[in-house]
Amino acid sequence: MDAIHGWWRANREAGLTSLLYVNPLGKAQRVLASLDISIGPIQVHSSIERFNELYRSHGIDLPRPTASGPAPLILAPPGAPRAPNASTALISGWMRIRGTRRRRSLDRGFVLSDHADWPALLSAIDETRAETVWVTHGYIAPLVRWLEEHGRRARGVETRLAEGES
């Protein structure tokens, strides 16, 4: 997060909007919860805010979008259009692969992957104590089956994710 905060601060000093592309479900909330809101105004694309409201309704504290101001940070899904006078960046595990930032014509890339190995994934699921686990992205059916075989309720959720949106 230090690198993201530094990029955001530098953009503010230069009078640029910071347009941060991030997957709307999961990763956006992870990033939003870790932002230093004292840096400046934060705006969130409606497709992300829909999920944020769901998280908040379940007791998860996420910063709310702030009123428009000079040089805000905007969280948007990877398919959203570019904003004028903006520096663009993507948060994704794909940023670890050489050339991804250049191919997408981004100013910055920040590596943050949601992928985990099997033991870490099962540990994270146990730590949530979720009554029902919704599984998306990756090997959905095998994980749902394993969870159900081990006494958990699980539901597979199909999504359309393209390269660079993980």
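The numbered conditions (1) surrounded by 11 or more Cβ atoms within 10 Å (Cβ to Cβ); (2) small (G, A, S); (3) under 30 Å from L16 (Cβ atoms) are all true for A67 except (1). Filtering segment 111-122 to residues that are over 20 Å from E158 (Cα atoms) and small (G, A, S) leaves only A120. Restricting segment 49-76 to residues that are touching a helix residue (DSSP H, G or I) at 6+ places or on another chain (Cβ under 9 Å) and under 17 Å from T88 (Cα atoms) leaves a set whose member that is modelled with the lowest pLDDT is P70. Filter segment 1-31 down to residues that are aliphatic (A, V, I, L, M), at pLDDT 95 or above and over 14 Å from L90 (Cα atoms), then give me how many there are. Residues meeting the conditions: 3.
Looking across segment 1-24 at every residue that is surrounded by 20 or more Cβ atoms within 10 Å (Cβ to Cβ) and touching a helix residue (DSSP H, G or I) at 6+ places or on another chain (Cβ under 6 Å), the one that is farthest from S87 (Cα to Cα) is identified as P24.
Among the residues of segment 123-139, those identified as modelled with pLDDT of 90 or more and either in the same structural domain as P24 (by TED's automatic domain parsing) or within 16 Å of R155 (Cα to Cα) (or both) are I125, D126, T128, R129, A130, E131, T132, V133, W134, V135.
The values are calculated or read from the model by the stated rules, or taken from the named source; none is laboratory data. Note that the coordinates shown come from a computational prediction; the quantities given were computed from them, not determined experimentally. All Cβ positions, glycine included, derive from the backbone under ideal geometry; neighbour counts span all protein chains shown.
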